[in-house]
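What follows is a single structure, written as structure tokens, with notes after it.
A short reminder: the numbers here are calculations on the coordinates, not readings from a lab. The model shown is predicted, which means the values in this text are computed figures rather than measured ones. Please note: Cβ atoms are built from the backbone with ideal geometry, for glycine as well, and neighbour counts cover all protein chains shown.
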Amino acid sequence: MLSIDSTMASSINFSHRLDAQTRLDDRSNRDLRAQYRFRYYPTIHFGNDNTWSLNSFVVTGDRFSSSHNVIDSGETNHLYVRRLFARYENQDGKVELGVIPTYKGRVSSSGLSSFGWIKGVRGVRQLASNTAIELVVGQLDDINAKNALELPRDIDYAELEYSTGIGEDQSFEVSLEYMTNNSYLRGEYRWRVAEHQTLFLEAIRQKDQSSTKLVAGMSGEFFVEQYPVEYFAHYSYVSERFGLRAELTEDFLGKGHGVSAEFSGSLYSQYSVEWFVRFDSADGVSRLLTGVKAPLFK
């Protein structure tokens, strides 16, 4: 007979956070759409040191890199569990097993979408305070969110990444990837040139098609009198034959040349409500996004 004493029970803690976003999506080749998004992150921590945890991620949208539903459209009221995984983490690194996130920490423009998932295992070894090596092995063959929790059938995804810092203001990472039946070499360089400004350069090279994706941009913050405004802007180029790997990235604009610029700030700081405006232009199509987002609880 299995029993749980009071000490073990008291060391099990539940935490969660939920946020919401609503926006207008105006594209030059499509009618204006009103959209909404909910994101929910529940976590159960085990042990007094929280080294073990069970994590999940629930979000609107129906595709790997999509997280919005269209308002007043009965066919797009999607809400799916996209991740469910166990994590062990300490000062030396972490291990994740299950339907895991696509990233180990910060999400890059050339990295896989933060709304996606991988069915497999991730191991991260911290070599120094700012240096780590990561290995991920699993399956990524279905980009429909409703199938995210289905059991994997085979192994078709692998990634080996090395990341490190150069002093306090610069960092780079390089990774070898295999996914979508192709091999890739990805690199990223970031440089904090000022207290509120970071420049970055990212590149992915596809082996079989000799195709390339390049991303160059900047992010940071500026002030209008005493009012802070955050910004994120980048240029991208994607070869026409690059394939599905490009569409699964965090900031995919389209094939060919593209530019994007986003600005955001606080609307009601007491309730952490923010406004945002984003403009994209790629492949002959322009897009304007504007809306508000806020935590519902955390």
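A simple spin-label model places the labels of L288 and S210 4.3 nm from each other, with each point 7 Å out along Cα-to-Cβ.
Sparsely packed loop sites in the stretch 139-186 (the GluC sites (Glu not before Pro) outside DSSP H, G, I, E and B with at most 14 other Cβ atoms within 10 Å) comprise E150, E168.
Could you tell me the calculated FRET efficiency between N48 and I155, based on Cβ-Cβ distance and R0 = 30 angstrom, to the nearest 0.05?
Working: r = 36 Å, r/R0 = 1.20.
The pair N48/I155 has a calculated efficiency of 0.25.
Just so you know, the Rg over Rh for the stretch 116-201 is 1.08, from Cα atoms, with Rh as the Kirkwood radius.
Normalised by the number of residues in the stretch 167-251, the average gap of Cα pairs under 8 Å and 6 or more apart makes the relative contact order 21 percent. For the pair the stretch 132-154 and the stretch 41-77, the centres of their Cα atoms are 16 angstrom apart. Our estimate of slack between A86 and V193, defined as 0.36 nm per intervening residue step minus the Cα-Cα distance, is 34.8 nm. The smallest convex shape that holds all Cα atoms of the stretch 112-156, its convex hull, gives 89 Å³ per residue. The relative contact order of the chain comes to 14 percent, based on Cα pairs under 8 Å that sit 6 or more residues apart. The relative contact order of the stretch 24-87 comes to 31 percent, based on Cα pairs under 8 Å that sit 6 or more residues apart. In straight-distance terms, cross-link reach from K104 covers every one of the lysines whose alpha-carbon lies under 16 Å from its own, apart from those fewer than eight places away in the same chain; here that gives K94, K119. The shape of the chain can be summarised by an equivalent ellipsoid whose semi-axes, obtained from the alpha carbon gyration tensor, come to 30, 25, 23 Å from longest to shortest. Extent of the stretch 11-125 along its three principal axes (Cα atoms, max minus min coordinate, largest first): 51, 30, 19 Å. Listed by chain and number, the aspartates and glutamates placed with their C-alpha closer than 17 angstrom to that of K293 are D19, D25, E230, E262, E274; residues fewer than eight positions away on the same chain are left out.
Given a Förster radius of 41 Å and the C-beta distance between D141 and E168 as r, what FRET efficiency does 1/(1 + (r/R0)^6) yield to the nearest 0.05?
0.50
On the basis of the beta-carbon distance and an R0 of 25 Å, L296 and I12 show a calculated FRET efficiency of 0.55.
Convex hull volume of the Cα atoms in the stretch 195-298, per residue, in Å³? Walk me through the intermediate numbers first.
On the way: hull volume 14.1 nm³, N = 104.
Per residue, the Cα convex hull of the stretch 195-298 comes to 135 Å³.
What lysines sit close enough to K298 to cross-link, taking a C-alpha to C-alpha distance under 17 Å and skipping anything fewer than 8 places away on the same chain? Excluding near neighbours in sequence, the set is empty.
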